[in-house]
Every structure is written in structure tokens, then in C-alpha cells.
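Presented below is the structure to which this report refers.
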Amino acid sequence: LALEIDSIEDLVQFSIDVRGGTTYDGKLVQLTRTLDFNDDNSYDDSETMVFGDMNKNGTVETLKQELTSRDGSGYFSIGTGSTYSFKGTFDGKGYEIRNIYTNHSKVSGYGNTNYGGVFGYITDATIKNLGVTGEITTNSCAGGIVGYNAGVISGTNITNGGSVIGTSFVGGIGGLNE
């Protein structure tokens with residue numbers, strides 16, 4: 001049975017789970033619709049504060065503010081290094097993640113400031129059929145889809161309005177591809 005990502009909250013919880021050590025090894029994760037960080041309809045409750053100070057700017061704001069405000073780090077990528085990497089299959093099913101904002105280099109209160117993208121670090125994983133727009137900034141290993149890729153990426157794209165910024169190993173789809 002696949003884990004379904006149907007809201008921004010689902011995507012955030014998925015990221016938290018991987019950062020906490022759940023690898024999803026051998027599991028399927030599917031996006032069920034296009035998610036837009038700027039659109040209230042992509043959230044179950046854009047006003048929730050249940051996730052706390054996600055962007056590490058020192059103030060607990062609504063989830064939408066935490067993820068879109070340029071005062072902090074925004075969304076934190078799925079996977080932070082080899083110990084906490086995604087190892088399953090993520091199928092975007094042709095949908096997009098729009099207006100994502102992540103700036104790992106801005107606020108270092110959330111672990112590693114490298115490995116920026118929707119996915120920060122993948123190992124023996126597959127990411128497929130996913131489109132992304134937004135801003136990804138990190139120190140090293142910056143990619144629109146994945147920062148550090150030790151897996152397979154297929155059928156993905158960065159559509160207009162996407163930017164990826166880093167100091168080394170920077171790419172539109174993947175930053176560092178092993």
C-alpha cells in the first residue's frame with residue numbers, strides 16, 4: 001500500500017519522518033495532486049501552527065507563513081544525509097510541487113545546511129514523474145528535485161519560475177549525482 005501525499009501537511013510530515021530515520025526502503029510514496037505552497041487549497045489547514053517554528057526564524061507562525069516567508073529557511077528537504085536519506089520510490093504521477101521555497105544556507109537550526117531540493121538526499125531510491133517550481137538555495141548539493149542523488153531520477157522537470165542556487169554541485173534536476 002502506497003503512502004499518499006495529498007496536502008502540504010502530508011509532504012511536511014513525510015520530510016519530518018525521513019529526517020527522523022524512516023527511510024521508506026522498498027515503499028511507494030505517491031503525490032495525488034499538484035501542491036502549491038502559495039495556495040490555501042493545497043493545505044488541509046494553512047493556518048495550523050502544529051509544526052512549530054519550521055523555518056527557524058525564531059517565531060511560530062502559520063504553516064503557510066513558515067513555508068513561504070523569506071524571513072527563514074522555508075520548507076526543509078526530504079533527507080539530510082546518508083544516515084537520514086529517502087530509500088523508497090516517489091511517484092509524482094505527473095503532478096507538480098509549485099512555489100516551493102527552501103533556503104538551507106540562511107538558517108542552520110535544522111541539521112545539515114547542504115542537500116537542498118524537494119529531496120535533500122536519496123540513496124537507492126527512485127524519484128519519477130514530478131514537476132517542480134520555486135526557489136532552492138543551499139550551500140552544497142542543490143537541485144530542483146534532489147540535492148544529492150545516489151538513486152534514479154526519471155520523468156521529472158523544473159518548469160518556468162524555478163531557480164536553484166548553491167556554492168558547489170548545483171543542477172536544475174540534481175545537484176550531485178553519484
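The values are calculated or read from the model by the stated rules, or taken from the named source; none is laboratory data. Remember, predicted model here, so these are calculated numbers, not experimental data. Because the Cβ atoms are built from the backbone with ideal geometry, glycine has one as well, and the counts that use them run over all protein chains shown. With ligands, DNA and RNA removed, areas are computed over all heavy atoms of the protein, side chains included. Shrake-Rupley method; radii C 1.70, N 1.55, O 1.52, S 1.80 Å.
Observations
- The chain - percent of accessible surface contributed by carbon and sulfur, probe 1.4 Å: 43
- The chain, helix-only ellipticity at 222 nm - DSSP H runs n ≥ 4, -39,500 (n - 2.57), divided by all residues, nearest 500: -3000 deg cm²/dmol
- Structure remark: mean-square fluctuation, Gaussian network model of the chain, C-alpha springs under 10 Å; the largest value among Gly144, Gly131, Gly58 belongs to Gly58.
- log10 of Debye I(q)/I(0), alpha-carbon scatterers only, for the stretch 138-178 at 0.15, 0.17, 0.34 Å⁻¹: -0.29, -0.37, -1.13
- Trypsin sites (Lys or Arg not before Pro) restricted to DSSP loop in the stretch 37-134 with at most 16 other C-beta within 10 Å: Arg70, Lys93
- Stokes-Einstein D for the chain, Kirkwood Rh over Cα pairs, 10 °C, 1.306 mPa s (µm²/s): 103
- Centre-to-centre separation between the Cα atoms of the stretch 68-144 and those of the stretch 1-52: 13 Å.
- Accessible area expressed per residue, the chain, with surrounding protein chains retained (probe 1.4 Å, Å²): 41
- Entries of Lys27/Lys93; Lys56/Lys87; Lys27/Lys64 with Cα pairs more than 19 Å apart: Lys56/Lys87; Lys27/Lys64
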